[in-house]
Structures are given as structure tokens and as C-alpha cells.
Amino acid sequence: MLKGFVMNKDQVQGRIDKAKGKVKQVAGKVTGSEKLKDEGTVDEAAGTVQSTYGDTKEKAKDAIKSGARKL
């Protein structure tokens, strides 16, 4: 792991869900299953939202730490 680079649980889970969604989409295309492809699209979108939320939490935490150091 990179020094100083830690991901929170929302970032990690969001990226996992995003990857699972991509896999479902490909599986749906290969098997011809529109339902599986659609589930993958939904999972990927949900993963994107969750990881973005986690990224935002980290940025807010960093901003608070930076502000506290200036005091």
C-alpha cells in the first residue's frame, strides 16, 4: 500500500461493486441475458455513487485536518 494512502470502507466497497457490475454486464452480453446486463449496470452505478461518497468523505476529512493545522 502507498504510504499515506488509505481508503475508507465506502471507497473500497464502491470500487468492488463497480467491478462486479462490469463483470455482470459482460456476462450478460456473453450469455444474451438482458436481465444480468441490466443488473450489472445498476450495480456499477451504485458502486460509482458509493465510491464517490467515500472519496468526498476523505476530502472533507483532509480539509478539516488542514484547517486544524493552520490554527
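The values are calculated or read from the model by the stated rules, or taken from the named source; none is laboratory data. Note that this is a predicted model, so its numbers are computed, not measured. FYI the Cβ positions are ideal-geometry reconstructions off the backbone, even for glycines, and counts take in every protein chain you see.
So, of the residues in the range 46-71 that are of a type in the set (S, T, N, Q) and surrounded by 15 or more Cβ atoms within 10 Å (Cβ to Cβ), which turns out to be nearest to the chain's Cα centre (by Cα)?
This residue is Ser51.
Which of the residues spanning the range 31-45 are in contact (Cβ under 8 Å) with a residue 24 or more places away in the chain and either surrounded by 16 or more Cβ atoms within 10 Å (Cβ to Cβ) or over 15 Å from Gln13 (Cβ atoms) (or both)? It would help to see each step written out before you state the result.
Going through the range 31-45, the residues in contact (Cβ under 8 Å) with a residue 24 or more places away in the chain turn out to be 43-45.
Scanning the range 31-45 gives Asp43, Glu44.
Tallying residues that are within 26 Å of Phe5 (Cα to Cα) and either free of Cβ contacts under 8 Å to residues at least 24 places away in the same chain or in contact with a His (Cβ under 7 Å, 6 or more places away or on another chain) (or both) within the range 19-30 yields 1. Assess whether Gly32 counts as being modelled with pLDDT of 95 or more and not polar (S, T, N, Q). It is true that Gly32 is modelled with pLDDT of 95 or more and not polar (S, T, N, Q).
Of the residues making up the range 1-60, those that are not hydrophobic (A, V, I, L, M, F, W, C) and not in a helix (DSSP H, G or I) are Lys3, Gly4, Asn8, Gly32, Ser33.
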